[in-house]
Amino acid sequence: MEQPTEKFTTPLSLVVDVVLLVLFFAYLFSVLKSHVPSGNPKMITLWAALAASCLTGVFWLALQMFRVVFRAYRAANK
């Protein structure tokens, strides 16, 4: 019949993800603000936030892939 599936997402892992993503976004936002070629503070904030959000999405995907690979690595070593 059906095999019981193991849950890989826990409330703690979600909290860790959110904290890492917020820190990553804040860091990239602060770095990217100086790279926006504009004199308008609203445009600087807008484009730095948009660029940081895209890069944060890529970071989230990389984090999820790292977790899957690390879980498979630990399972292979058992």
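Where a number appears in this text, it was derived from the coordinates with a stated rule and is not lab data. Because the structure is predicted, anything quoted here is derived from the model rather than measured. Note that each Cβ is placed from the backbone with ideal geometry, even for glycine, and that neighbours are counted across all protein chains shown.
Packing here is the average count of other Cβ atoms within 10 Å per residue, and on that basis the peptides 56-67, 5-16, highest first, run 56-67, 5-16.
With bins 5 Å wide beginning at 0, the percent of Cα pairs of the range 27-66 falling in each bin runs 6, 27, 26, 17, 11, 7, 5, 1.
Would you please state the base-10 log of I(q)/I(0) at q = 0.11, 0.23, 0.26 1/Å for the chain, with intensities from the Debye formula using one equal scatterer on every alpha carbon? The Debye formula, applied to the Cα set alone, gives -0.45, -1.04, -1.16. In the chain, the DSSP-assigned H stretches of four residues or longer account for a calculated mean residue ellipticity at 222 nm of -27500 deg cm²/dmol, using -39500 (n - 2.57) per stretch and the full residue count as denominator.
If I take every Cα pair under 8 Å that is 6 or more residues apart in the chain, average their sequence separation and divide by the length, what percent do I get for the relative contact order? Before the final figure, lay out each step's value.
Details: 25 pairs, mean separation 21.9, N = 78.
The normalised contact order for the chain reaches 28 percent.
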